[in-house]
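Please read the structure below before turning to the comments.
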Amino acid sequence: LNCFSLCSISSFLSAYSLLNFIYYKLKAGENIINFGFNLGLMEKNLIAKSQYISLLILRLVIASIFLFSAVAKWTYLAVGAPGATPVMVYLTWFLLIVEPLGAIALIFGFLTRWAAAGLTIIMVGSLFVLKIMFQTSFFTGVQAPGLDYNTLILAGCIILVAFGAGKLSLDFLWMKKH
């Protein structure tokens, strides 16, 4: 599965949950104009399950991006890092170690908020480097990539910092025991 497939699955699950919610409201003869208020137990469970699945999919998508990034950095360093200053080479080695650790933590949902916070700092740094050093525009154009992709990853990391890993994680199992 690639990132786009996982995003499509997440979108499908969200749409399915919404349609299911509307269906049960209409079936019960309730007014769906008050959408989101006075939810019954079944609707709350359905929404909660879709949130946990969405957080899992988000974690897996963000993790796969950072794992792929680590492979790309490894390949770059293997060919001798052409054109890089020594500082950039050291930074690349640092990111080569830190990004996969954060990605693995996200996959298992272990210390998710901390891992996502670290990856958030990395993404802020990448946006800074792209904007200041390379004068990159926000949107991807025909001739050059933009900041939009990195901003999207940053937004996903911020969501994970804010909401955590959800029930489908080691964090939840640990919190349940303690």
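The values are calculated or read from the model by the stated rules, or taken from the named source; none is laboratory data. Being a predicted model, the structure only gives us computed values, none of them experimental. Glycine gets a Cβ as well: all are built from the backbone with ideal geometry, and neighbour counts include every protein chain shown. All accessible areas refer to the heavy atoms of the entire protein, side chains included, with ligands and DNA or RNA removed. Shrake-Rupley method; radii C 1.70, N 1.55, O 1.52, S 1.80 Å.
Structure values in brief
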{"item": "Residue identified as small (Gly, Ala, Ser), open to solvent by less than 40 Å² (accessible area, probe 1.4 Å) and assigned to a helix (DSSP H, G or I) among Ala117, Ala155", "result": "Ala117"}
{"item": "Residues satisfying the stated conditions in segment 75-95, i.e. touching a Ser or Thr at 6+ places or on another chain (Cβ under 9 Å) and of a type outside the set (Gly, Ala, Ser)", "result": "Tyr76, Leu77, Leu95"}
{"item": "Tally of residues being among the aliphatic types (A, V, I, L, M), open to solvent by less than 90 Å² (accessible area, probe 1.4 Å) and either touching a strand residue (DSSP E or B) at 6+ places or on another chain (Cβ under 7 Å) or assigned to a helix (DSSP H, G or I) (or both) across segment 128-152", "result": "2"}
{"item": "Residue match in segment 163-171 (condition: open to solvent by less than 50 Å² (accessible area, probe 1.4 Å) and without any contact (Cβ under 8 Å) to a residue 60 or more places away in the chain)", "result": "no"}
{"item": "Hits in segment 132-162 - residues which are touching a Phe, Trp or Tyr at 6+ places or on another chain (Cβ under 9 Å) and without any contact (Cβ under 8 Å) to a residue 24 or more places away in the chain", "result": "Thr140, Ala144, Gly146, Leu147, Asp148"}
{"item": "Every pair of residues 6+ apart whose Cβ atoms lie under 7 Å, when the first sits in segment 79-95 and is closer than 17 Å to Gly125 by Cα and modelled with pLDDT of 85 or more while the second is surrounded by 14 or more Cβ atoms within 10 Å (Cβ to Cβ) and not hydrophobic (A, V, I, L, M, F, W, C)", "result": "Thr92/Lys73; Thr92/Tyr76; Leu95/Lys73"}
